[in-house]
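Here is the structure we will look at, set down as structure tokens.
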Amino acid sequence: MTLIERIPLLNDQELLSLLANARRLDIVGTPAQRKGAAEVLPQLELEASKRRATALQARKRRAAAQRATAGAA
């Protein structure tokens, strides 16, 4: 299994850590490290974006449910 295939299986902390490392290597890494980072960064960014959107939707649903509960009381 390649690193790119493993990205969806990472927990949130692992994803954020790998994303931070890839961003760092993309700036200050050796040419080989920059190439590797460039290959995985788009996939890491996409997965992080999906997770942020999912978390935001969950927060909105919880807030709406709390407002509905408060309004019914």
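The values are calculated or read from the model by the stated rules, or taken from the named source; none is laboratory data. Please read these numbers as outputs of a predicted model, since none were measured by experiment. So basically every Cβ, Gly included, is an ideal-geometry build from the backbone, and we count neighbours across all protein chains shown.
Quick notes on this one:
- Checked against (1) surrounded by 12 or more Cβ atoms within 10 Å (Cβ to Cβ); (2) over 20 Å from the mean Cα position of the chain (by Cα), L16 passes all but a single condition, namely (2).
- The test for being under 17 Å from I4 (Cβ atoms) and in contact (Cβ under 8 Å) with a residue 40 or more places away in the chain does not hold for E39.
- Complete set of residues in region 19-60 that are among the small types (G, A, S) and surrounded by 15 or more Cβ atoms within 10 Å (Cβ to Cβ): A22, G29, G36, A37, A48
- If the condition is being in a loop (DSSP other than H, G, I, E, B) and out of contact with any Leu (no Cβ under 8 Å at 6 or more places or on another chain), then region 3-30 contributes N11, G29, T30.
- Lone qualifier among A38, A55, A63 - being assigned to a helix (DSSP H, G or I) and at pLDDT below 95: A63
- Sole exception among (1) surrounded by 12 or more Cβ atoms within 10 Å (Cβ to Cβ); (2) among the aliphatic types (A, V, I, L, M); (3) over 13 Å from the mean Cα position of the chain (by Cα) for A63, by number: (1)
- Every pair of residues 6+ apart whose Cβ atoms lie under 8 Å, when the first sits in region 47-65 and is under 30 Å from I4 (Cα atoms) and of a type in the set (A, V, I, L, M) while the second is at pLDDT 95 or above and part of a helix (DSSP H, G or I): A48/L15; A48/L16; A48/L19
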